[in-house]
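Here the structure comes first, spelled out in structure tokens, and everything after it is commentary.
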Amino acid sequence: DRVYPVPGSTNEFFLTHLGHSTNGTTPMSKYYKVTVNTLPSGDLQAGVTGNISLGSAQNLAGNLTQAQAGIPKLNADGSLSDDYWLLTHETCNDKFRLYEVTSAGINLSNDVNVGPNLVCSTTFPPQYDVIGTFKFNSCYTQFAMAMGNKVSLFSFDANTGAIVELATDNTITQPFGLEFSNNSDYLYVYR
């Protein structure tokens, strides 16, 4: 689950929940609009901070992994826009799903087929690459994905959302954490 500020608002947020269904068609991944209403500062009491309202669930997709990343969207001149990207990945294939997070909601921007296929096997013991992680470098030009026994490195255009696979290593057993060096020359993998 992840929280994104609603662009242009100071008290509204989008809460995403990525879930997986075995049939791949039931929309298990959803998002909610959360509004935080606080009391005037003079009325604050110990332990009382206001109230929170949760909007109705909005569907994203039915077959997403649990990996997601929120990235600022850049304008064409390289400056920060008010919007965000939400990057996810489907199960059992090589498809990234890239959503735009705007004041109007979270909407699919592009499906990008790039990189290694994720593993799905229904024979015993079943195996699904659904738990993983994304990590972006500090300038949002590259990201890494750890999923199953794969660690992949990609370039990313934070203005257009273009994704290009740079490398994949299939020999790292159970990677669970990623971190870039300060200058983005190295990617550290925790296992």
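The values are calculated or read from the model by the stated rules, or taken from the named source; none is laboratory data. In this text the structure is predicted, and so the values were computed from the model without any measurement. Because the Cβ atoms are built from the backbone with ideal geometry, glycine has one as well, and the counts that use them run over all protein chains shown. Calculation scope for accessible area: heavy atoms of the full protein, side chains included, ligands and nucleic acids excluded. Shrake-Rupley method; radii C 1.70, N 1.55, O 1.52, S 1.80 Å.
Kirkwood hydrodynamic radius for the chain: how many Å is it when counted over pairs of different Cα atoms?
18.0
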_Residue range of the chain that is longest and free of chymotrypsin sites (Phe, Trp or Tyr not before Pro) which are both DSSP loop and sparsely packed (at most 14 other C-beta within 10 Å)_ = 1-175
*Expressed as a whole percentage, what fraction of the accessible surface of the range 47-91 belongs to carbon and sulfur atoms when a 1.4 Å probe is rolled over the protein heavy atoms?*
45
*Assuming R0 = 30 Å, can you tell me the calculated FRET efficiency for the pair ASP111 and ASN51, based on Cβ-Cβ distance, to the nearest 0.05?*
0.20
*GNM flexibility winner over the chain from ASP111, ASP83, ASP169 (Cα, springs under 10 Å)*: ASP169
*For LEU74, list long-range residues whose amide hydrogen, built 1.01 Å from N in the peptide plane, is under 5 Å from its own amide hydrogen.*
SER81, ASN159
_For LYS150, give me every one of the lysines with a C-alpha distance below 19 angstrom, ignoring sequence neighbours fewer than eight places off in its own chain._
LYS95, LYS135
*Under Karplus coefficients 6.51, -1.76 and 1.60, residue-wise ³J(HN,Hα) of the range 163-178 in Hz, glycine/proline x*: 10, 10, 6, 9, 6, 9, 10, 9, 10, 8, 6, 6, x, 9, x, 9
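Carbon and sulfur: what percent of the range 95-177's accessible surface (1.4 Å probe)?
51
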*How much accessible area per residue does the range 63-129 have, in Å², with a 1.4 Å probe?*
45
_Cysteines, the chain, no other Cys beta-carbon under 4.7 Å_ = CYS139
*Tell me which residues come under 5 Å, amide H to amide H, from GLY115 once H is placed; ignore anything under 5 positions away on its chain.*
GLU165
